[in-house]
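Below is one structure, written out as structure tokens; comments come after it.
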Amino acid sequence: MILECHGLGRSFGGTEAVADVSFALAEGESLALIGPNGAGKSTTLGMLTTALRPDRGRATVAGADIAAQAAQVRASLGVLFQEPALDERLSPRQTLRLHAAMHALPRHARAAAVEKALDWAGLREQADRPLRGFSGGMKRRLELARALMHGPRLLVLDEPTLGLDPQGRLDLWARIDGLRAEGMAVLMTTHAMAEAERCDRIGIIDKGRLLAIGTRAELALAHGGHAHADLEQVFLTLTGRALRDAFAGPPARVLRLPRRSA
Ligand SMILES: Nc1ncnc2c1ncn2[C@@H]1O[C@H](COP(=O)(O)OP(=O)(O)OP(=O)(O)O)[C@@H](O)[C@H]1O
């Protein structure tokens, strides 16, 4: 198994973002986590990529423990966060050089690795221009090329196609499919059912719990009545139709001071 997690949990103050999540991913397998807003998908990925410490449970990536062997875990992972994580003042070449240095690629191999990544991303012509002004698709391609530079075995993608136009989405999926064909394992989150259906298995998560996991047909059969039941219907059957509008972002946490009387 490239990834195993058992009883993973994490709270923020009184909010139990992830309650008890367990699953495993085989080498070369792809899994999509789907769930309503605030279900705990990003928090789960945050823990598995060592960005967040779990409160409960344990997990390993390529045999390394996410808490005790974080550096080893990170060496096996290629990660694309939900928000672009790029310094817009840097050029693609500078961005890739920085990553090569941070991941301690051998000095003699760095220049070639940067050039290969630039070619893979199709950004050779723009290699020395600052990223400010690049399209969303160009930035995602660069981030994916960067995520691959150190030779990861598992790609973790948090809503990778968010904000991309159809052309950008198709291009990103062609790249992801190509990597899968070469044996890369993929763990991703998405709100697009069609994207989830491209993965080998799908996990449906809500309120911090994994409600169901299986192939599209297995989920359809178990929760939709027949093997061709619509995935969105299965999703709604398991998670309900209520809107998830609760404010949990920064505005809800702003401390309101009483007005000073004049
Ligand atoms: N840093 C944080 N501080 C406080 N609460 C947080 C923090 N990060 C996440 N949460 C809360 O934990 C819960 C799970 O959030 P998470 O971002 O993991 O959900 P999600 O499934 O990724 O949602 P979305 O589909 O909207 O991205 C939510 O209630 C969220 O508000």
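The values are calculated or read from the model by the stated rules, or taken from the named source; none is laboratory data. Bear in mind that the values here come from a model prediction, so they are computed numbers and not experimental data. Cβ coordinates were reconstructed from backbone atoms using ideal geometry, including for glycine residues, and neighbour counts include every protein chain displayed. Just so you know, the surface numbers come from the protein's heavy atoms only, side chains and all, with ligands and any DNA or RNA stripped out. Shrake-Rupley method; radii C 1.70, N 1.55, O 1.52, S 1.80 Å.
LYS116 is checked against (1) in a helix (DSSP H, G or I); (2) over 14 Å from ALA85 (Cα atoms); (3) under 23 Å from the mean Cα position of the chain (by Cα) and fails just one. What number does that condition carry?
Answer for LYS116: the failing condition is (3).
Could you tell me how many of the residues in the range 32-50 are closer than 12 Å to THR189 by Cα and within 6 Å of the ligand (Cβ to nearest atom)?
Result for the range 32-50: 7.
Pick out the one residue from ASP230, ASP206, ASP177 that is over 21 Å from PRO36 (Cα atoms) and of a type outside the set (Lys, Arg).
Sole residue among the options that is over 21 Å from PRO36 (Cα atoms) and of a type outside the set (Lys, Arg): ASP177.
What number of residues within the range 183-219 satisfy the criterion of being small (Gly, Ala, Ser) and surrounded by fewer than 20 Cβ atoms within 10 Å (Cβ to Cβ)?
6
Please state which one of THR60, THR15 is polar (S, T, N, Q), within 16 Å of the ligand (Cβ to nearest atom) and in contact (Cβ under 8 Å) with a residue 40 or more places away in the chain.
THR15
Looking only at the range 67-97, filter to residues that are hydrophobic (A, V, I, L, M, F, W, C) and within 16 Å of the ligand (Cβ to nearest atom); which one of those is least open to solvent (accessible area, probe 1.4 Å)?
Of everything passing the filter in the range 67-97, LEU80 is least open to solvent (accessible area, probe 1.4 Å).
When the residues of the range 119-141 are filtered to those that are assigned to a loop (DSSP other than H, G, I, E, B), open to solvent by 10 Å² or more (accessible area, probe 1.4 Å) and small (Gly, Ala, Ser), which remaining residue is farthest from ALA85 (Cα to Cα)?
Ranking the qualifying residues of the range 119-141, first place goes to GLY122.
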